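The values are calculated or read from the model by the stated rules, or taken from the named source; none is laboratory data. All values derive from a computational prediction rather than experimental measurement. Ideal geometry is used to build each Cβ from the backbone, glycine not excepted, and the neighbour counts take in all protein chains shown. Surface accessibility is based on the protein's heavy atoms, side chains included, excluding ligands, DNA and RNA. Shrake-Rupley method; radii C 1.70, N 1.55, O 1.52, S 1.80 Å.
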Amino acid sequence: MENKHKLLLIDGSSVAFRAFFALYNQIDRFKAPSGLHTNAIYGFHLMLTNLLERIEPSHVLIAFDAGKTTFRTKMFSDYKGGRAKTPDEFREQIPFIKEMIEKLGIAHYQLVDYEADDIIGTLDKMAEAPDVSFDVTIVTGDKDMIQLVDSNTTVEISKKGVAEFEAWTPEYLMEKMQLTPAQFIDLKALMGDSSDNYPGVTKVGEKTALNLLHEWGSLENIYANVESLKKSKMKENLIADKEMAFLSQTLATIDTVSPIEIGLDDTVYSGPKVDELSKFYDEMGFSQFKTKLNVQNGDTSEEIQAAAEKIDFKVINASDEISVDANDFYYIEILGDNYHKEEIIGFAWGNDKEVFVSKDLSVLAKLTLPVNTYDYKKNRVLLNRIGVTATLPNYDGMLAKYLISTTEDNKISTISRLFDNGSLRTDEEIFGKGSKLAIPSDEVLFASLAHKVHTLAVSKDKMLDALEENEQISLLTEMELPLAEVLAKMEIQGIYANKETLEVIGQENEERLSVLTKEIYDLAGEEFNINSTKQLGVILFEKLNLPHGKKTKTGYSTAVDVLEGLAPIAPVVAKILEYRQVSKVQSTYVKGLIPQIAEDGKIHTRYVQDLTQTGRLSSVDPNLQNIPVRLEEGRKIRKAFVPSENSTLLSSDYSQVELRVLAHVAQDPNLIAAFKEDADIHTSTAMRVFNIAKAEDVTANDRRSAKAVNFGISYGETEYGLARRLGIPNKEAGTIIKTYFERYPEVATYIEKTKRDAKEKGFVSTMFNRRRKLPDINSRNFNVRNGAERQAINAPIQGSAGDILKIAMINLDKALTEMKLNAKLLLQVHDEIILDVPNQELDKVKALVKTTMENAVQLSVPLKVDENTGTTWYEAK
DNA sequence: CCCTTCACG
DNA sequence: ACGTACGTGAAGGGA
């Protein structure tokens, strides 16, 4: 096969500008030793690295604007006029960006009288000549270059930060705006461009321009038919501004035959000039890039150490005396994440002054604890596997970092960056990733372990200060740390899963799937891969010509709601829906779970304690928080989950806990009253919103609507969303929401206050001071901002409910121990816990779980717990 | 590796 | 003028 070349063309001026503003809020952090600001240089580098890794181009060119005046200013003197002066902090960085580009082995170019766009357009056309045929990716900060997209040119526009781009292709342009690339020029001709400062046609914005183009196809055709437009202000404007429209069209058109003096051969990507680049990084103070560069070029560990920071350590063997102090940290390394299966490959302990490392497990067993940790739960499980019981410390670096901020991950390398000097290399750098994951040499491994312990020790005080500042100390010591112990025990305990039961279900599924497959092939008139949405789309919407609803960015959507609409008119669709259901159960829950059953006949999930934005847990490897329940089809899977001998499964769940939390935090009298009366909350809302006097007069449909509103409110639902969900007109949904807020006025006040608070402080909190930062809450982008507002409304509710169950679990574990009961907590599913209870303890434990959960905290409304028991999880629900 | 789909609260 | 509910994890397809 022909090896296709890939050309990456970057609008350096606009990307640099984007980079500058992406890191503008941290401008003071980015300073070279010389005092030069480096945020744009750094951000530009990040973007570049990201693009080079993702696109793997063979050729790259970065084009810059040459100066203020261009051939366009000669045509229209106001072109790009009226722009705010570029900040000095930005301008001073441009020469360094160019220097960096050269050292990275990338070509850059600018041309007097022309813009970067024209250079890129010209090279793009050269790269499309039949004898060369490159794949071209153009990267820029604004939409002007969308006109260049075609079958082998993609335009990526920087969206957010330094890593997010929106990729424009002809298909995407058609889907988003129903325009061809050439029409995009006419769009700008009509609507003008405020940043390039040409006006287009008076009063014509994007919407009107799109309507005109959809109707007439081109600017020329609009004017050819302008007289046939019905009399309106718009028609007058079009006629009056005709000249400006065509001038704008010319200004908007990129010159693809500009007189550039370079060719494609000059854009070959040669790769970094390591020594020069390394020196440049020193000048800029980019220690992380330097470390990475050294690693990529296979330097010995010694040199890596020199580039990073050398942490001294002592290697300890089984026969050595060891010393450990309660203020020390310890850290245990495994390859990958699954601490139920992976072997310990080394460990370290110590403090910011001295660190010890070892690979000898007998040494690990001698470490008498408590000692500060990083991911206590992991250590507790790993030590348990070698017969050692870990002791809970008062501080855990991972949990502390998670509580301080959920915006980033909580890796030690991230802690190093945020709370130390950032010299710690990432695990990916040390161990590789994917298929290349491997244990490094002892030398590298030990250095890395020592550095981790050092980082944890150095960062502890700063992180405690941050927790103190946030009033989160007790959240760490009284919630997350004790919970880590409870979760560790649950994970170690595991839940029995019956392989035979799963196999029987699997057998039945296979038979059904093979029948369904045949039926679908028959109805479709051909064989195809039913699991492929792409192939399915072709069958349904091209071959069978069914009406397609929404489209995804890759093709037709075949999601359930779309298919459900088609089922009545095409029998094959009903079969496909049934196939999907069975196939989901088969692949994820039968085929997926069987290999997860360990030798002890149990499944041991891992709860991720430091991930969610709201404070909930998540469950992985396997996920036991999404075992089917809603449809009988999948619910059968629960028959495979069983208690230990002479025991029963007990499932206890909070009833409407999030709405109760809402009632409490909002202090809404009507909502509180409803819960105090133990009313059916959805019926109660229906009565209030639809003005129904008696509960028995509430129809099923009223209740369904009320239920949708009750849930929607805590997610910040909009009128449009509710209308769609209920299949009613927007206006009607609007009335329902409006009435809801009249009946529950304090809920309305609470939501407004929460949004205001979030905008002011940049974060929201749960009842227990857990925080969620909302960096987008003041975004100028309507969608992004609205999204953040919904998160602001939801996070305190979902998060407080999560915190409440965490408290209940800690209290319950304690009570079970104190009462010397043998019942064991097995699983947690957000508002529900599942226990394995010896039959003779059942009554006692049932009552204990209920009271413990209902009294975890005192709210203005009662907490209510429902319970179910059974000899399988299927029955206990 | 990203996208889509679908399982749960 | 813009798209649409919050929070997750896993599997399969296809580049």
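Tabulated values for the structure
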item: Alpha carbon Rg of the range A:76-230, scaled by the compact-globule rule 2.2 N^0.38 Å; result: 1.21
item: Top positive-direction residue, dipole computed over the range A:6-266 with Cβ charges, set A:PRO95, A:TRP216, A:PHE71; result: A:TRP216
item: Added length on full extension, which subtracts the Cα-Cα distance from 0.36 nm per residue, A:THR517 to A:ASN529; result: 3.4 nm
item: Relative contact order %, chain A, counting alpha carbon pairs below 8 Å whose residues are six or more apart; result: 9 percent
item: At 1.002 mPa s and 20 °C, Stokes diffusion of the range A:306-494 via Kirkwood alpha-carbon radius, µm² per second; result: 128 µm²/s
item: Gain on full stretching of the segment that runs from A:THR250 to A:LYS850 - 0.36 nm per residue minus C-alpha separation; result: 208.6 nm
item: Cα-based convex hull volume of chain A per residue, rounded to whole Å³; result: 217 Å³
item: Residues A:ASN730 and A:THR86, FRET efficiency given R0 of 45 Å [Cβ-Cβ distance, rounded to 0.05]; result: 0.55
item: The range A:469-591, accessible area per residue, ligands and nucleic acids excluded (1.4 Å, Å²); result: 52 Å²
item: In the range A:575-642, the GluC sites (Glu not before Pro) that fall in loop regions by DSSP, at most 15 other Cβ within 10 Å; result: A:GLU599
item: The range A:6-266, relative contact order in percent, only Cα pairs under 8 angstrom and at least six apart counted; result: 21 percent
item: Rounded FRET efficiency, nearest 0.05, which uses the C-beta distance separating A:GLU56 from A:ASP265 and R0 of 25 Å; result: 0.85
item: Coordinate range along principal axes, alpha carbons of the range A:6-266, Å, largest first; result: 66, 44, 32
item: P(r) tail fraction, the range A:768-837 - alpha-carbon pairs more than 17 Å apart, %; result: 58 percent
item: Coil-residue trypsin sites (Lys or Arg not before Pro) of the range A:760-792, DSSP, other Cβ within 10 Å capped at 16; result: A:ARG780
item: Contour minus Cα-Cα distance for A:SER587 and A:ASP757 (0.36 nm per residue); result: 56.7 nm
item: Calculated FRET efficiency for the pair A:LYS314/A:VAL504, C-beta based, R₀ 56 Å, to 0.05; result: 0.45
item: Positive dipole terminus of chain A, leading residue within A:SER459, A:PRO370, A:GLY634 (C-beta point charges); result: A:GLY634
item: At 1.567 mPa s and 4 °C, Stokes D of the range A:658-796 from Kirkwood alpha-carbon radius, µm² per second; result: 83 µm²/s
item: Dipole magnitude (debye, nearest 20) for the range A:6-266, charges at Cβ of Lys, Arg, Asp, Glu; result: 1060 debye
item: Cβ-placed point charges (K, R +1; D, E -1), dipole of chain A about Cα centre in debye, nearest 20; result: 2400 debye
item: Relative packing of A:619-627, A:349-357, which averages over residues the other C-beta atoms within 10 Å, highest first; result: A:349-357, A:619-627
item: Near-label residues of the range A:98-120 by backbone N, under 15 Å of a point 7 Å along Cα→Cβ of A:GLU283; result: A:98-105
item: Label-point separation in nm, A:ASP697 to A:SER34, each point 7 Å along Cα→Cβ; result: 8.1 nm
item: Electrostatic dipole magnitude of the range A:658-796 [Cβ: Lys, Arg +1; Asp, Glu -1; Cα centre; debye, to 20]; result: 660 debye
item: Placed amide H near A:LYS31: partners under 5 Å, 5+ positions off or other chain; result: A:THR38
item: Segments A:691-698, A:34-41, A:540-547 sorted - mean Cβ within 10 Å per residue, highest first; result: A:34-41, A:540-547, A:691-698
item: GluC sites (Glu not before Pro) restricted to the range A:422-469 and DSSP loop, no more than 13 other C-beta within 10 Å; result: none
